[in-house]
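Colleague: Here it is: the structure, laid out below.
The values are calculated or read from the model by the stated rules, or taken from the named source; none is laboratory data. Since we're looking at a predicted model, the values are computed, not measured. FYI the Cβ positions are ideal-geometry reconstructions off the backbone, even for glycines, and counts take in every protein chain you see. For accessibility, only protein heavy atoms count, side chains too; no ligands or nucleic acids. Shrake-Rupley method; radii C 1.70, N 1.55, O 1.52, S 1.80 Å.
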Amino acid sequence: MAPLGEGSEEALVVQDENRKPISSILIIIAMQTEAIPIVNKFQLKEDLDSTFPKGVPWVRYHGFYKDLRINLVWPGKDSTLGVDSVGTISASLVTYAAIQALQPDLIINAGTAGSFKVKGASISDVFLASDVAFHDRRIPIPVFDLYGVGLRQSFSTPNLLKELNLKVGKLSTGDSLDMSPQEEASIVANDASVKDMEGAAVAYVADLLKVPAIFIKAVTDIVDGEKPTSEEFLQNLAAVTAALDQAVTQVVDFINGKCLSEL
Ligand code: SAH
């Protein structure tokens, strides 16, 4: 996100916005199993009179928690196959539609992710991503290569990090649960600690529409460990969502009553 010229009108507007208490947050979550504990924790209600176009599977839950209006959006189940609409396409679409409809002050993309032994990670660790990039968009032409990687910084939250016991690391996103050798090389080049299927897509849309975004990812599987990823993911999913739910609650409690510049 390019720095704005100091003293410019736009910069002053942004400064002003950053000093108002945050009033509305948008939580974006890819899977129902990840979303439900958080919906229950904040006692959110499903929006039956959908804000979204008729017929799409996207689901919005909403409510108030302390001083915050919380919207949680889940892309829902694939209309044909009935599985969660994971991945970058659904994530970008719901992020775009939700920002347009709800005008949030801050986005939290929460979910599960793979991590790496070489990064010292264990199952149930929770990471706050410092930046996000893609690992499956290879365009070996100067400058297009950088466009493909799509590196973006997440909104900086130094105080939140000081206060909460979260790990910090880079997040790398691709549309596959497994990892090809080429993708592995890109993940190493991205210096990623966590690997998911949505983060960089959410970051792209948030950047496009100038909404600050943070990424909370709980580790369900160790990509460079002994167990096959899909097996390990399914084995740990339910337990790890408890760690995710706890971290999201801590982050929301920290955010409550603060402005962006205090995070
Ligand atoms: N078989 C699973 C598929 C879910 S896809 C099921 O239907 O239950 C995995 C989801 O968890 C994605 O939303 C992704 O963001 C996250 N995830 C967890 N571990 C991952 C990994 N190792 N690589 C990529 N994404 C991962």
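Colleague: Every residue in the stretch 32-58 that is surrounded by fewer than 20 Cβ atoms within 10 Å (Cβ to Cβ) and aliphatic (A, V, I, L, M), please.
Modeller: I36, L48, V56
Colleague: Shifting gears a bit: Quick one: is S156 within 11 Å of the ligand (Cβ to nearest atom), of a type in the set (S, T, N, Q) and surrounded by fewer than 18 Cβ atoms within 10 Å (Cβ to Cβ)?
Modeller: No; evaluated as a whole, the condition is false for this residue.
Colleague: Quick one: how many residues across the stretch 145-164 are under 18 Å from the mean Cα position of the chain (by Cα) and of a type outside the set (F, W, Y)?
Modeller: Going through the stretch 145-164 one residue at a time, the tally reaches 12.
Colleague: What are the residues in the stretch 200-251 that are β-branched (V, I, T), surrounded by fewer than 21 Cβ atoms within 10 Å (Cβ to Cβ) and assigned to a helix (DSSP H, G or I), if any?
Modeller: Selection gives T229, T249.
Colleague: Name every residue in the stretch 163-187 that is more than 15 Å from the ligand (Cβ to nearest atom), of a type in the set (A, V, I, L, M, F, W, C) and in a strand (DSSP E or B), in order of residue number.
Modeller: V168
Colleague: Among the residues of the stretch 67-78, is there at least one that is aliphatic (A, V, I, L, M) and open to solvent by 30 Å² or more (accessible area, probe 1.4 Å)?
Modeller: Taking the stretch 67-78 first, the residues aliphatic (A, V, I, L, M) are 68, 70, 72-73.
Going one step further and asking which of them are open to solvent by 30 Å² or more (accessible area, probe 1.4 Å), we end up with none.
No, every residue in the stretch 67-78 fails to be aliphatic (A, V, I, L, M) and open to solvent by 30 Å² or more (accessible area, probe 1.4 Å).
Colleague: If I ask for residues that are within 11 Å of the ligand (Cβ to nearest atom) and not in a loop (DSSP other than H, G, I, E, B), which ones from the stretch 188-199 would you list?
Modeller: Narrowing the stretch 188-199 to residues within 11 Å of the ligand (Cβ to nearest atom): 192, 194-199.
The answer is A192, V194, K195, D196, G199.
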